[in-house]
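I have placed the structure first, in the form of structure tokens, so that the comments after it can refer back to it.
The values are calculated or read from the model by the stated rules, or taken from the named source; none is laboratory data. This one's a predicted model, so the numbers in the text were calculated from it and none came from an experiment. All Cβ positions, glycine included, derive from the backbone under ideal geometry; neighbour counts span all protein chains shown.
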Amino acid sequence: MTVWDRPEPPTRPVPLDRERIVAAAVALADEGGLEAVSLRKVAARLDAGPMRLYGFISTKQQLFDLMLDEVYAEFLPEGPPGDGLEALRTLAHRTRQAALRHPWLADLLGGRPALGPNGLAVGEAALASLDGLADIDTVMRAVETVNAYSTGAIRREIANLRAERETGLSQQDWQRASGAHLTKMLATGRFPALTKAVHDGADVDAEASFATGLDWVLDAVAARLTPPPPPPPA
């Protein structure tokens, strides 16, 4: 039985429902990451006994499933996401924006398909945006490719932000602290490509890097989208 098939928890003695449980779990994760989330901690925040939650959620993974689906609602724009590749672009950017608001999200992206109502709605929007542009297998591979790029880029960006928080060094501070070592290593002549990148490469921020990579991925996907052949005449 999935968490979506379980009944709502009883409302006595403390009012308790799925919405309050998930909101408390998301708040804990926003404050301290996934390691700060447990059924006992959620129950304590709600001033309820943990056994009341266990009757509704049997594992921490089910709690994570609920949290993930809650944030999936932030992926979809308020209006229609658009058609074709532009819809996938919108979903990718909104996924990144949600991860910046909820850094723990990066740890849950890329796993098994999300089966909650919001996760299914995101999957439906992505697949429907390419409906008719290619056969269903090509459409699925296209969506998977864009999702794989987005997940990897988001995880890298969040990892850098976590490193800044944990070390107290911004990206610029870290570069300055590492500069002497890097200069010495490049001076050996063993890394000519890296030397060219360091000396001549443009310094772009994370948002611009994400957008550029996404454009390239979508251009490659567009090249593989060919409409399915028409049905044979009756």
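Brief remarks follow.
- Screening Arg162 with (1) of a type in the set (D, E, K, R); (2) surrounded by 12 or more Cβ atoms within 10 Å (Cβ to Cβ); (3) not in a helix (DSSP H, G or I) gives one miss only, at (3).
- Some residue of region 77-93 being buried (at least 19 other Cβ atoms within 10 Å of the Cβ), under 18 Å from the mean Cα position of the chain (by Cα) and not in a helix (DSSP H, G or I): yes
- Filter pass, Ala211 being of a type in the set (Gly, Ala, Ser), part of a helix (DSSP H, G or I) and touching a Leu at 6+ places or on another chain (Cβ under 8 Å): no
- Of the residues in region 54-62, not one is crowded, with 19+ Cβ neighbours inside 10 Å, part of a helix (DSSP H, G or I), of a type outside the set (Ser, Thr, Tyr) and modelled with pLDDT under 95.
Residue-wise test of (1) in contact (Cβ under 8 Å) with a residue 60 or more places away in the chain; (2) within 30 Å of Gln175 (Cβ to Cβ).
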position: Ala125; (1), (2): no, no
position: Ala128; (1), (2): no, no
position: Leu133; (1), (2): yes, no
position: Glu157; (1), (2): yes, yes
position: Glu164; (1), (2): no, yes
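- Residue check for Gly119: of a type in the set (Gly, Ala, Ser), under 22 Å from Ala73 (Cβ atoms) and in contact with a Phe, Trp or Tyr (Cβ under 6 Å, 6 or more places away or on another chain): yes
- Scope region 158-200; condition under 30 Å from Ala99 (Cβ atoms) and of a type in the set (Lys, Arg); matching residues: Arg162, Arg165, Arg176
- Pair list, Cβ under 9 Å, 6 or more apart: region 25-54 residue at positive phi, other residue surrounded by 14 or more Cβ atoms within 10 Å (Cβ to Cβ) and among the charged types (D, E, K, R): Gly33/Asp107
- Restricting Val71, Val139 to residues that are part of a helix (DSSP H, G or I), surrounded by 17 or more Cβ atoms within 10 Å (Cβ to Cβ) and in contact with a His (Cβ under 8 Å, 6 or more places away or on another chain) narrows the list to Val71.
- The single condition among (1) over 16 Å from Ala87 (Cα atoms); (2) surrounded by 17 or more Cβ atoms within 10 Å (Cβ to Cβ); (3) at pLDDT 95 or above that Arg155 does not satisfy is (2).
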